[in-house]
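Everything below concerns the one structure shown next.
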Amino acid sequence: MHIQNFKTFCDLVETKSFSKAARLNEVTQSAVSQQLKAMETHYDMLIIDRNQKKFRLTPQGTALYSTFKQILSLYEKLHCEIQEMRNIVSGTIHISTVNSIGLHELPPYLKIFIKEFPSVNARVEYRRANLVYDDVLHGTADLGLVAFPSPNKELVIEPFANDELVVAMSPENKLAKKKILSIDNLSGTDLVAFERDIPTRKATDEILANAGIEVSITMEFDNVETVKRALEINAGLAILPASTVKNEVERNQLVTYKLEGGIHNRPLAVIYKKNRVLTPALRSFVTLMKADKE
């Protein structure tokens with residue numbers, strides 16, 4: 001048995017998917033099945049209970065998984081210690097993030113990181129907020145970047161920035177003629193919003209509810225870029241992170257107003273699994289992300 005077989009098996013158990021385990025280890029789904037069969041032959045026992053409709057380990061399979069995880073943890077720790085002794089920061093880091101952070105907050109950090117550590121390959125995948133958590137918990141991603149981080153006993157949450165929420169709209173919108181926008185002015189307006197499960201939408205709903213403001217939701221989208229396109233055709237106004245509309249404001253495609261009642265921030269954080277060993281590359285990246293916060 002090779003260490004890679006242990007990792008493939010653990011990925012299979014954690015994702016409960018042959019296709020996902022194959023993608024994580026850059027092999028075919030057939031190869032994952034063959035590795036499982038070879039493992040069952042080697043130990044002369046069933047590892048997966050095939051009488052169950054859902055993916056379920058046999059007691060023997062559970063014992064193997066527990067032991068393999070310990071072996072992998074020790075292996076990762078040794079690998080990290082060797083890299084540190086040789087003063088090496090290299091490898092690949094997989095980052096899962098929502099569009100608004102990945103497109104508008106992450107690039108400056110990546111630029112600095114890649115310049116300082118050119119041997120590290122950073123892969124970024126854009127996902128819905130709930131799937132970012134799944135990616136990190138299941139090991140599909142090393143790190144996640146999220147807004148309004150949700151506490152989870154299996155995750156470490158490292159805050160790295162706060163982005164102010166502002167009201168954004170087309171210059172053609174009737175409210176854009178105002179010098180100052182009161183939150184009461186939003187009452188009865190058409191609002192272009194994120195879909196209900198997105199954290200920033202939940203924050204928007206809370207801000208409006210606390211102010212006793214009722215609006216008409218005209219459109220709902222799952223990413224900030226589509227919301228902005230709707231604003232540009234004057235389909236309504238939206239409450240968005242200031243960083244995401246900076247370019248459009250500079251090009252006079254959109255205008256923004258601060259919200260009343262103090263600063264309404266959108267907290268951003270890096271998340272990763274508590275029990276994972278951070279490689280020098282991952283630790284350096286997290287340190288860089290936290291630098292501005294500190």
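Some notes on this structure:
- Identity of the residue in region 48-81, free of Cβ contacts under 8 Å to residues at least 40 places away in the same chain and of a type in the set (A, V, I, L, M), that ends up nearest to Q4 (Cα to Cα): L74
- Residues in region 4-37 that are loosely packed, with under 13 Cβ neighbours inside 10 Å and in contact (Cβ under 8 Å) with a residue 24 or more places away in the chain: none.
- Conditions (1) of a type in the set (D, E); (2) out of contact with any Asp or Glu (no Cβ under 8 Å at 6 or more places or on another chain); (3) within 17 Å of V192 (Cβ to Cβ): number failed by E250: (3)
- All strands (runs of 3 or more DSSP E) inside region 109-207 with 1 or more residues being over 22 Å from the mean Cα position of the chain (by Cα) and touching a residue at least 12 places away in the same chain (Cβ under 8 Å): 155-169, 190-194
- Residues of region 142-156 that turn out to be surrounded by 16 or more Cβ atoms within 10 Å (Cβ to Cβ) and either out of contact with any Pro (no Cβ under 8 Å at 6 or more places or on another chain) or closer than 15 Å to N275 by Cα (or both), as a count: 6
- When we screen L186, L175 for residues that are more than 26 Å from L12 (Cβ to Cβ) and surrounded by fewer than 19 Cβ atoms within 10 Å (Cβ to Cβ), the only hit is L175.
- Residue in region 243-262 that is surrounded by fewer than 17 Cβ atoms within 10 Å (Cβ to Cβ) and among the hydrophobic types (A, V, I, L, M, F, W, C) present: yes
- For region 148-160, the condition holds for at least one residue, the condition being that it is of a type in the set (G, A, S) and more than 22 Å from G262 (Cα to Cα).
- Meeting the requirement of 2 or more residues that are over 30 Å from Y75 (Cβ atoms) and either in the same structural domain as G188 (by TED's automatic domain parsing) or among the aromatic types (F, W, Y) (or both), the helices (runs of 4 or more DSSP H) wholly within region 212-294 are 224-232, 246-250.
- Top-ranked residue of region 221-239 - restricted to ones that are more than 19 Å from the chain's Cα centre (by Cα) and hydrophobic (A, V, I, L, M, F, W, C), ranked as surrounded by the fewest Cβ atoms within 10 Å (Cβ to Cβ): I233
- Subset of region 86-145 (residues that are within 22 Å of P199 (Cα to Cα) and of a type in the set (G, A, S)): S96, S100, G102, A129, A141, G144
- Selected residue (only one of S182, S170 is polar (S, T, N, Q) and modelled with pLDDT of 95 or more): S170
- Residue list for region 196-213, filter: surrounded by 12 or more Cβ atoms within 10 Å (Cβ to Cβ) and either at pLDDT 95 or above or acidic (D, E) (or both): D205
- Hey, A281 farther than 30 Å from I114 by Cα and among the hydrophobic types (A, V, I, L, M, F, W, C) or not: no
The values are calculated or read from the model by the stated rules, or taken from the named source; none is laboratory data. Everything quoted here is computed from the prediction, not taken from an experiment. Don't worry about glycine lacking a Cβ; one is built from the backbone with ideal geometry, like all the others, and counts go over all protein chains shown.
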